[in-house]
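Q: Structure provided below as structure tokens; questions to follow.
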Amino acid sequence: MYNLLFKVFFLATFCSAINAQGQGMNGRNGSGNRGANASINGHFYGKIVDSKSKGIPGVTIQLLGNKFDTVTKQPRQIIVKTVLSENNGDFNLDGVPLMGKFTLRASAVGYKKVEQSVSFFSKMPTPGSTPDFQQLAALADKDLGNIKLELDAVELATVTVTAPVKQMMEMGIDRKVFNVDKNLNSTGQTATEIMKSIPSLSVDIDGNVSLRNAAPTIFIDGRPTTLTLDQIPADIIDKVEIITNPSAKFDASGGNAGILNIVLKKNRKNGYNGNVRGGIDSRGKLNGGGDINYRHTKINFTGSANYNQRKFISNSKANTQFFPSTSPYVYSNNDGVNNGHFQFYRAGLDYFINNRSTISIAGNYTQGRFKSEADQTIDTSYLGVLNTSTLRNTQSTYQFENVGAQLSFKHNFVKDGENFSSDLNYNSSTNENNSQIKSISKFPNGSQKWPLYQQQGVGSGYNRFFTAQADYENPLTEDSKFETGLRAAVRDYKTDNLQYINADTIKNVFGVSTGSSSRYKFTDQVFAAYTTYSFKAHHFGFQIGLRAESSNYKGQLVSLSGSDSLAPFKVNYPFSFFPSAFITYKLTDKQDIQLNYSRRINRPNFFQLLPAYDFSDPQNPSVGNPGLRPEFTNSLEWSYNNNYKKGANFLATAYFKYSTDLITRYVYKDINRNTTAGNIPMDSLYYTSNINANSSYTYGLELTNKIGVTKWWDLLVNVNFYNTQINATIPNQTISNNLVSWFSKINNTFKLPKGYSIQVVSEDRSKTIIPQSSGYQGGGRGMFFGGGGTQTLAQGFNLPRYFNIDVSIRKDWTWKKGQSGSLTLSMNDIFRSLSQTHTDAFYFTQETERYRDRQVARLNFSYRFGRFDVNLFKRKNTKAEQGGGMEMGGGN
């Protein structure tokens, strides 16, 4: 199956590339043969010249016409054709309807814009008369002569090229787009900090992102990645797209959450431009980087380099009461510091084969190293009397390396809006980690209770992700469009987790613990095909789609020597179908309503399936469940969008999600299988594992409003009210969690005189059920002793968290010749908010309290430079320029 799809993909790409080259050679044929439509369409041509009658290259020529608007019942102006003048100033406008009156517009940087009325007839034919076809044929080619452009009064060298002003948040009926360059809080940071400023998204203190209380799928430039959010510098990100209910065109994976698509910066301006930046935080950690873009004729090059030092400081406390009441009460306090750096390099090259075809290649390299140390105190009491105090020290190092590459091709056919694209993506990440654990337990009088406990861990692994995709889009008519595509994704994963114990405390000799060490590898393959059909009827827009996906896992537990396969297993998921439907009704030019539906899947990941015990934290072990089934989610949304005034937008969305076989985590009690704890007498342990819940549903109402309150104050408010229900049957416990919750995020931007601006972002939430299927891994470290991250137990709740506020202030400068600079001072979590959880399980109740990286200040400076050269050849995306896309929504 994989080989067949792979061959089909390359055959389609090869054939399209050959076709593109042929069309590129014949795409501009002057007034020669233009095919069967020559008898009904006309051809304007002419030349753009300066005051000395010398041809001007690269001038944008637009032909404007009128179209009847079915909503307003009035004609409105549209762009019929857009071309660029050749090197000698010549231009050709083919395929123009003979009937009608048009406006020709010519514009170029450094010249005054020219507009003039044009038509094929000096006098339109009388309605009802018999047309003279010989006369029509003679008039079908019309020479507009030389069109003269005058120099602007401002010298080109001092011209400041100003792009259209982008809003921080652009809201559509099917997605929200957050423009990162308008966000002050993310300067000099990572993608994690960007997510903290985006409406609809919640980020916990460990950097885990949730969308409507569920974990979304993360894409980079529309494709999967092995990078994590804290490995992506914020300064290279252009925008973030939030798609809450993706159509069949998108991957069905992701369960009951939507998609976050991180779009990286890729500048295609003529000439060269770039920036350099640097900064420091209140912990003395540095960051710096730079970008460069160069565009000349058929080549566009983009490169960037970034270096970030980071220091994380955290504290966690946990109070755990085990059952029955005669069981121990445990209090723990953990102080941790994680110190390190990472660097990110990226380069890309676009080659414009012709006006309609582009081939691109891009690559990135990321490398980092972090060292952490945590000191933990664990006090165990019985019936209110202290029994044991344990002091535990953990030191660890972690280093990673990520390499990514992409090869893509896109061809726009002669027919407006028809295009074919394909790409190959490869991501490979490797990691190594080492840890040392020492703990000593004492009686209340200070005497030693047990011998010194020591454990060493050595781990490594890789994750290789390959995808191949091809997409085809064809507007069948002005009001209908067809899309289809194929996709293959293959991931190879391997992990080694070796634990060593101090087998001889006198000689301090460590030996491998066979019971708590493992080597494991697996291959995951997903094959998919999709098709969508969109059409309009009066005020309605429709899109229907169907996606088919098939996947399989092949995993094996390998002997510690690495030579034998001890426990191979295979899980095949047959073809599943994922329909989607979108219905949009246009109330007015400024108001739309939409009803949409989709079905999605969340397949269990590697860690959730891994049938090996993980004792890297000996007091908080975990084990996977190879019997997990994929969860399926049906999502329904109703949205109302109103652009009620210039720069203002209101979006209301009511949603309902129903999931079956929800993958969740639970705790169970079992015998002590850990051979590393031989010198600490424990006859049983509490293990964290995964199980399929019976069902889960969420319904809610999300409101987002963007408005310019005054000329100097922009306000973006997001509020989400929702109810979550989880029904699960786990060993010794039946769970039925139901909770009504709310979440809010307010983003204020104040524009002050003399180039100053201030941004204040606040996030508040009520008590919530802890997000499920969120991808938190590691086997529940810290579940009982406060050593690790947030849990995702079906029995758990997040307690309210208020006044989580980030503040930034920026000063901007603009100089001549395209140079500018900005200085940004920011501080996160200025009111030192806490993250608290509560868990009720069959064996215990627990309260936790955690914080991380509060009140960290950062100072960053950025310098931007560039030269805009009007004489360089400039390629336009004619589909976008001519407005050929349908205003359908629904994930197009």
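Q: Collect the residues in the range 23-71 that are at pLDDT below 75, open to solvent by less than 30 Å² (accessible area, probe 1.4 Å) and not charged (D, E, K, R), keeping them in residue-number order.
A: Gly27, Gly30
Q: Take the conditions open to solvent by less than 20 Å² (accessible area, probe 1.4 Å) and touching a residue at least 40 places away in the same chain (Cβ under 8 Å) and apply them to Gly363. Does it pass?
A: No: the conditions fail for Gly363.
Q: If you go through the range 597-613 one residue at a time, how many are part of a strand (DSSP E or B) and either among the hydroxyl-bearing types (Ser, Thr, Tyr) or at pLDDT below 80 (or both)?
A: 3
Q: Given Met99, Met168, which one is modelled with pLDDT of 70 or more and within 30 Å of Asp238 (Cα to Cα)?
A: Of the residues listed, the single one that is modelled with pLDDT of 70 or more and within 30 Å of Asp238 (Cα to Cα) is Met168.
Q: Looking at the range 205-216, which of the residues that are within 19 Å of Asn605 (Cβ to Cβ) and open to solvent by less than 30 Å² (accessible area, probe 1.4 Å) is nearest to the chain's Cα centre (by Cα)?
A: Pro216
Q: Any residue that is part of a strand (DSSP E or B), within 30 Å of Thr390 (Cβ to Cβ), in contact with a strand residue (DSSP E or B) (Cβ under 9 Å, 6 or more places away or on another chain) and modelled with pLDDT under 90 - is there at least one of those in the range 811-826?
A: No, the range 811-826 contains no residue that is part of a strand (DSSP E or B), within 30 Å of Thr390 (Cβ to Cβ), in contact with a strand residue (DSSP E or B) (Cβ under 9 Å, 6 or more places away or on another chain) and modelled with pLDDT under 90.
Condition check ((1) closer than 30 Å to Asp492 by Cβ; (2) out of contact with any Asp or Glu (no Cβ under 8 Å at 6 or more places or on another chain)) across all residues:
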{"position": "Arg519", "(1), (2)": "yes, no"}
{"position": "Ala528", "(1), (2)": "yes, no"}
{"position": "Ala537", "(1), (2)": "no, no"}
{"position": "Phe542", "(1), (2)": "no, yes"}
{"position": "Arg547", "(1), (2)": "yes, yes"}
{"position": "Asn552", "(1), (2)": "yes, no"}
{"position": "Gly555", "(1), (2)": "yes, yes"}
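Residues are listed down the side, and each one gets a yes or a no for (1) under 26 Å from the mean Cα position of the chain (by Cα); (2) open to solvent by less than 60 Å² (accessible area, probe 1.4 Å); (3) under 18 Å from Asp853 (Cβ atoms):
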position	(1), (2), (3)
Asn798	yes, yes, no
Arg801	yes, yes, yes
Ser808	yes, yes, yes
Lys816	no, no, no
Leu823	no, no, no
Ser826	yes, yes, yes
Ile830	no, yes, yes
Ser835	yes, yes, yes
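Q: What are the pairs with Cβ atoms under 7 angstrom where one residue, in the range 184-208, is closer than 21 Å to Gln309 by Cβ and the other, located anywhere, is aromatic (Phe, Trp, Tyr) and modelled with pLDDT of 80 or more? Sequence gap at least six, or different chains.
A: Ile205/Tyr851
Q: Let me ask another. Could you please find all residues in the range 403-418 being among the basic types (Lys, Arg) and either open to solvent by less than 60 Å² (accessible area, probe 1.4 Å) or more than 28 Å from Ala347 (Cα to Cα) (or both)?
A: Once the filter is applied, which keeps residues that are among the basic types (Lys, Arg) and either open to solvent by less than 60 Å² (accessible area, probe 1.4 Å) or more than 28 Å from Ala347 (Cα to Cα) (or both), the range 403-418 yields only Lys415.
Q: Looking at the range 72-81 only, could you name the residues that are surrounded by fewer than 19 Cβ atoms within 10 Å (Cβ to Cβ) and either on the phi > 0 side of the Ramachandran plot or touching a Ser or Thr at 6+ places or on another chain (Cβ under 9 Å) (or both)?
A: Thr72, Lys73, Gln77 - these are the residues of the range 72-81 that are surrounded by fewer than 19 Cβ atoms within 10 Å (Cβ to Cβ) and either on the phi > 0 side of the Ramachandran plot or touching a Ser or Thr at 6+ places or on another chain (Cβ under 9 Å) (or both).
Q: While we're looking at this one, here's another question. Buried (at least 24 other Cβ atoms within 10 Å of the Cβ) and at positive phi: is that true of Gly188 in this structure?
A: Yes; evaluated as a whole, the condition is true for this residue.
The values are calculated or read from the model by the stated rules, or taken from the named source; none is laboratory data. Owing to the predicted nature of the structure, the values given are computational and were not obtained by experimental measurement. All Cβ positions, glycine included, derive from the backbone under ideal geometry; neighbour counts span all protein chains shown. The protein model used for the area step is the full one, side chains on, heavy atoms only, and it has no ligands, DNA or RNA in it. Shrake-Rupley method; radii C 1.70, N 1.55, O 1.52, S 1.80 Å.
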